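Taking it in order: structure first as structure tokens, then the write-up.
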Amino acid sequence: MRLRTLAMLGCIATPLSSPALAVTVSRHVFGTMPDAQPVEALTMTSASGMSATVLTLGASVQSVIVPDARGRKADVVLGYADLKGYLDKPSYFGSTVGRVANRIARGRFTLDGKAYQVPVNDGPNSLHGGTKGFDKVVWEVVSVSSGPVAKVVLRYVSPDGDQGYPGTLTTTATYSLNEKGDLSVDYRATTDKPTVVNLSNHTYWNLAGEGSARGALGELLTIPAEEYSPTDATAIPTGEFRKVAGTVFDFRKPAAINDRVRDASDVQIRYGRGYDHNWVVSRKAAAAPRVMARVEDPVSGRVMEVLSEQPGIQFYSGNFLDGTITGKSGHIYREGDAIVLEPQMFPDTPNHPAFGSVRLDPGQAYTNHITFRFSAGAKAR
């Protein structure tokens, strides 16, 4: 199976560098919340020239600087240069999203026979945990360490009843960076009573560079999935597992996103104003992380592979970036200026038993191990 997956994803590019010196971590105050709580920025920097900055607000990725095939560095994620932007118009830039990532239909679900209502904040549905999800709270810094693999461990304790969800949920997000070009976030959560949880990371990626005039839609995308989840007009899955073969959702072989993203012949594209769907990489979680998506910028040569053990990956093509946001480099963010790839359980799983379960009980641990693996090919010009 592994050989087949690698064949679908094409040749593996050369790592950014071989293991060498330690990855260092620095930290500073990024800004202050309205309640005077400080928000920190923690930057992991490797000897290879790659760095990643994480904010304690939302356990969010604020910057990832990656060299291209010629060694030229660029920040490849969207975001703001100061805290004000994240507070005024957050848009989930780089955020950890939860308790339940993605959508819950009408904000309703049932657990052990009891009905729960969580905030509706996306048309008629609940999105990414509600009006004050994990992206809008300040996480505690548990530990910071430099070394061959640098680590930043953040924690947030969500109280029982937070946003309508049952149980006190204790969540850690462990960000790490190594010299091979792997940026990882490992999510872990425990609860004191039965609840539901589905965490993911909502970083907006543009391998051409944040603010690039080329945008992200010329990048080549591969998703090794035979099926995807069609939705209704409000982005809630219908429950069907639909084959990607013969559709604009077939990314089993590398394809430029902009070749299909505006194909109005498919009602699913019209519903989402582009792609905003779940790809079914498998029907259940894997024992270990595997490649769920691969993105290549044919101009810079930058390559990113996304690995996780989760069964689904939400691909969003930046359809609602409408030119009203000015990013950290002073450029206006427009439709298609970045893409989002979120490994997770399927959307609205609490209301679709056939999708599996996002239930978490006391004594259990929820995990989602996500790695963004960067390398550089030979196509830069």
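Values in this text are rule-based calculations from the coordinates and carry no lab data. Everything numeric in this text was worked out from a predicted model, so none of it was measured. A quick note on method: Cβ atoms are made from the backbone with ideal geometry, for glycine too, and the neighbour counts reach across all protein chains shown.
Values as computed for the structure displayed
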| quantity | calculated |
| --- | --- |
| Computed E for residue 22/residue 226 - FRET, C-beta separation, R0 41 angstrom, nearest 0.05 | 0.45 |
| Estimated vicinal HN-Hα couplings, Hz - the stretch 119-126 in sequence order (Karplus 6.51, -1.76, 1.60; Gly, Pro = x) | x, 9, 9, 9, x, x, 10, 9 |
| J(HN,Hα) series, the stretch 40-45, from Karplus relation 6.51 cos²θ - 1.76 cosθ + 1.60, nearest Hz, glycine and proline x | 9, 10, 10, 10, 9, 10 |
| Residue order, fewest to most beta carbons within 10 Å, for 321, 87 | 87, 321 |
| Dipole of the chain, positive end: most advanced residue of 87, 312, 104 [Cβ charges, Cα centre] | 312 |
| Signed unit charges on C-beta, dipole axis of the chain, positive-most listed residue 133, 229, 257 | 257 |
| Over the chain, relative contact order from alpha-carbon pairs under 8 Å, at least 6 apart, % | 19 percent |
| Under 13 Å, Cβ to Cβ, from residue 277 - net charge with Lys/Arg +1 and Asp/Glu -1 | -3 |
| Cα-centre dipole for the chain with unit charges at Cβ (Lys and Arg positive, Asp and Glu negative), debye to 20 | 620 debye |
| In Hz, Karplus ³J(HN,Hα) per residue of the stretch 275-291 (6.51, -1.76, 1.60; θ = phi - 60°; x = Gly, Pro) | 8, 7, 9, 9, 9, 8, 5, 7, 7, 8, 5, 8, 6, 8, x, 9, 5 |
| Sum of -39500 (n - 2.57) over DSSP H runs of 4+, divided by residues of the chain (222 nm, nearest 500) | -1500 deg cm²/dmol |
| 24 Å Cα-Cα threshold exceeded, pairs from 84/132; 114/284; 132/284 | 114/284; 132/284 |
| Length added when fully stretched, residue 285-residue 29, from 0.36 nm per residue minus Cα-Cα | 88.4 nm |
| Cut-off 11 Å between beta-carbons: net charge of the residues surrounding residue 317, Lys and Arg +1, Asp and Glu -1 | -1 |
| Cut-off under 5 Å, modelled amide H: who pairs with residue 302 long-range | 69, 297, 377 |
| Sequence-separation-based contact order of the stretch 273-381, relative, with Cα cut under 8 Å and 6+ spacing, percent | 33 percent |
| Surrounding net charge for residue 201, when Lys and Arg each add one and Asp and Glu each subtract one, Cβ distance under 12 Å | -3 |
